[in-house]
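Asks: Below you will find the structure I want to go over with you.
The values are calculated or read from the model by the stated rules, or taken from the named source; none is laboratory data. All of these numbers come straight from a predicted model, not from anything done at the bench. Cβ atoms come from the backbone with ideal geometry, glycine included; neighbour counts cover every protein chain shown. Ligands, DNA and RNA are stripped out before the accessible areas are found, and what is left, the full protein with its side chains, is counted by its heavy atoms. Shrake-Rupley method; radii C 1.70, N 1.55, O 1.52, S 1.80 Å.
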Amino acid sequence: MLEQSFIIALLILAIWYTMQEGEIFGFMQRWSKMKIAPALFDCNVCMTPYYGSVLYVLIYGINWQWPVVVLSAMGINAAVNKLSPDKQ
């Protein structure tokens, strides 16, 4: 399960990075000024339950481990955020 969590976390980080300003899907942040934007584009931890669930089902199928893996991937992404330097 830990291996699956790391895979999902890294996939979410990759998706999140492509949506940053200046990247290939950076235009999506300019389009969306809704309150749901952090869960879709801005916050890799907030993106994990949505994108992570879809990715988990596509890669591993539906089983009882899904919520544990997605929650663990959220924790991994939170740790990555705490360890990375501020971009300001």
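Asks: So, in the stretch 56-77, exactly how many residues are small (G, A, S), farther than 15 Å from I15 by Cα and crowded, with 19+ Cβ neighbours inside 10 Å?
Replies: Selection size over the stretch 56-77: 1.
Asks: Yes or no: the stretch 78-86 includes at least one residue that is modelled with pLDDT under 80, surrounded by 11 or more Cβ atoms within 10 Å (Cβ to Cβ) and in a helix (DSSP H, G or I).
Replies: no
Asks: Right, S53: at pLDDT below 80 and open to solvent by less than 40 Å² (accessible area, probe 1.4 Å) or not?
Replies: No; evaluated as a whole, the condition is false for this residue.
Asks: Working only within the stretch 42-75, note down all residues that are without any contact (Cβ under 8 Å) to a residue 24 or more places away in the chain, more than 14 Å from F6 (Cβ to Cβ) and part of a helix (DSSP H, G or I).
Replies: Answer for the stretch 42-75, where residues must be without any contact (Cβ under 8 Å) to a residue 24 or more places away in the chain, more than 14 Å from F6 (Cβ to Cβ) and part of a helix (DSSP H, G or I): D42, C46, Y50, S53, V54, V57, L58, W66, P67.
Asks: Can you list residue pairs whose Cβ atoms sit under 7 Å apart, with the first residue in the stretch 7-31 being at positive phi and open to solvent by 50 Å² or more (accessible area, probe 1.4 Å) and the second being at pLDDT below 95 and of a type outside the set (G, A, S)? Count only pairs 6 or more apart in sequence or on different chains.
Replies: none
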